[in-house]
Structures are given as structure tokens and as C-alpha cells.
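Reading through the C-alpha cells given below for one structure.
The values are calculated or read from the model by the stated rules, or taken from the named source; none is laboratory data. Predicted, not measured: the structure shown is a model, and the values here were computed from it. When we count neighbours, we look across all protein chains shown, and the Cβ atoms used for this are built from the backbone with ideal geometry, even at glycine. The protein model used for the area step is the full one, side chains on, heavy atoms only, and it has no ligands, DNA or RNA in it. Shrake-Rupley method; radii C 1.70, N 1.55, O 1.52, S 1.80 Å.
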Amino acid sequence: MSGLAVRAAASVRSPRGRAPEGVPAALDYFRDLLTPFGEKPDEELLSRGPHVHHRDLVDLLVADEGVGRSRPELAIVAHALPDVVPFTAVAPHLTEQLGGRAVNFAIGQQGLAAPFTALRIASAYHRSGRAAEVVIAVLEQTTLPTPYPLPQETPLTDSAAALVLGASTGDGLGFVRAHAAGSAAAALGRELGEDGTLLVLGPWVTEDVPDHGAVHRVAPGGYCTSLWLELADHWQEWRRDHRRIVLCDTDPRSGRSHVALFAATGG
């Protein structure tokens, strides 16, 4: 069976939020969650956030025609930050809007590694014949009960990206592999050096990387969504202009760097 290739993609940036709702119940939950660790929720911080729920981001992604017409066998939601209000299951909500037959789950608690993990899982499902089509939704909302331990000089914005992946046929952009290493230079070591390669560096890559000709640097504003927003916006032009696309970002919390390689297929 051929590998997975991008069939459609969508991005969402800074959508309109909601009026705060369910805050008292959420505060009780966060108190119970945080108290054993000597912390307490910041009610003002929680109340003044944009309140863009994960479900809102999914609804906006599905409103895109390319994503909305997908009927996947596998749907994966990836996120680094929690939802505004707990107790919500967003992967089933995504599945319900895309035909209702997909195996679905979410990947969290991995920082910006989550979308890379989602790609590896999607590829394994596809190779085993269990998923001819896959949708990966990468979600990020910024209304939090405590300040998140990221560099505060880099404010985050609510954003989301979706990739629709299916069997590689004809001209397209195929997923090849994803892996991680202790530094960006180590992670990129085997991916650079070939002609026709575009290196896309996320905003958290601050170290020097191997010299390379074509480089696209992603502007700050996202934790786990940055690379995938750019891929969703530019994958078709990148596929036309380059034979290989290498995405790389470094998690500012763990220090580990993550790389995904895509390659143009067909002519």
C-alpha cells in the first residue's frame, strides 16, 4: 500500500471567542487539581482569556470544504495545552462531523511533539490497512487557569490546523517519516543535504542548525500549531517548488527537537 499524502488542509488563527461560561464549575475542578501541588487557579486570568473552546476550533476547521468533505477511518486531535473547560471529548465531536465512522482519540501531554506522534500513528494505521483516509486536527487555545510555563515574552494566539491524509496517488505531498533528537542539529542530521529541500523552522528553534539553502522561518505565536499552520497554508506551493519539505521545531520545555519529512510525489 502506498504511503499517506496530504489531500487537503485548513488553518484557523485568532477566531472570535465566547463569553466566559462554566467558569465556577471549572474553578472547582482546577482547585482540586492544583491544590496538591501547592498552586491555585487564577480566576482573573481564566476570566479574561478569549475562551475559544477546542470544539469551536474543530467547527471552524470542518467548515473548510477540503476538510469538511473528508470521511476518514481515523481522526486524531493533537494539542499541547488543555481545553478551556474540562470534561469535553473533542475527537468524537470531530468524527461526528466527518461521517461518524472514524476511530478517534486525542494526543496530549506531549508538548509540541503531539502532532508528530499523530503522524506516526496515522502512517502505521494506513500501512496496516486500517485507515485509507486520516484527519489530524492540531488545536491550541490560550485561556488557562494558571500561567503556562513557556517564555512569557512570546504570547500565544488561539489557532488550529487540520491535515487530510490519504493514499498517495499522482502529484501530491507524501509523509515520509517523523522522529526526534536531543537537539535540532541532531534531528536534522540525516534530512538535509539533498537538492530541492525546503527547511521549515518553527519559532522555538533558537540554536544554530546545519547550513542549508532554502529556509522558511515560522513567526512566533504558537506552541504546537506553528509548523502545521504554515504547512496547511503553503503545502501546495511548497510541493510545486521543492522536492522535499523538512519541518523542525524544538519544545521549549523539554529541549527535544522534532522533525517531519514530506516529499513531493508524482511529477
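With the Cα gyration tensor of region 181-267 giving a ≥ b ≥ c as the square roots of its eigenvalues, does the rule (a/c under 1.5 for rounded; else a/b larger than b/c for prolate; else oblate) give rounded, prolate or oblate? It is oblate, given that a/c is not under 1.5 and a/b is not larger than b/c.
Segment residue 179..residue 208, full-extension length gain: 8.5 nm, with 0.36 nm per residue of separation and the alpha-carbon distance subtracted.
On a 1.4 Å probe surface of the protein chains, which of 65, 237, 230 comes out largest in accessible area, and what is the full order?
Ranked from most to least accessible, the order is 65, 237, 230.
At 1.4 Å probe size, with the rest of the protein present, what percent of the exposed accessible area of region 1-158 is carbon and sulfur atoms? Don't skip to the answer; put the middle values down first.
Values: 3930 of 7610 Å².
Ligands and nucleic acids excluded, carbon and sulfur give 52 percent.
Treating each Cα of region 58-112 as one equal point scatterer and applying the Debye formula with no solvent, the log10 of I(q)/I(0) at q = 0.18, 0.21, 0.30 Å⁻¹ comes out as -0.61, -0.80, -1.22.
Sort the chain into rounded, prolate or oblate with this rule: let a ≥ b ≥ c be the square roots of the eigenvalues of the Cα gyration tensor; rounded if a/c is under 1.5, and if a/c is not under 1.5, prolate when a/b is larger than b/c, oblate otherwise. Walk me through the numbers before you get to the answer.
On the way: a/c = 2.04, a/b = 1.36, b/c = 1.49.
In terms of gyration-tensor shape, oblate.
Estimated from helices alone, the mean residue ellipticity of the chain at 222 nm is -8000 deg cm²/dmol (sum of -39500 (n - 2.57) over DSSP H runs with n ≥ 4, per residue).
Quick check: from the Cα gyration tensor, does region 70-143 come out rounded (a/c under 1.5), prolate or oblate?
On the way: a/c = 2.74, a/b = 1.40, b/c = 1.95.
In terms of gyration-tensor shape, oblate.
If R0 is taken as 25 Å, the Cβ-Cβ distance between residue 105 and residue 13 corresponds to a FRET efficiency of 0.45. Inter-part distance, region 53-81 to region 142-178, computed on C-alpha centroids, equals 12 Å. Roughly how many Å is it from the Cα centre of region 203-217 to that of region 253-267, as a whole number? Value for the Cα centre distance between the two parts: 13 Å.
Simple spin-label estimate for residue 96 and residue 195 gives 5.3 nm between the two label positions (7 Å along the Cα-to-Cβ direction from each Cα). Computed from the Cα positions only, the extents of region 1-109 along the three principal axes stand at 52, 29, 20 Å, in decreasing order. Pick from 149, 210, 15 the residue whose mean-square fluctuation is largest in a GNM of the chain, springs joining Cα atoms under 10 Å. Looking only at 149, 210, 15, the biggest GNM fluctuation is shown by 149.
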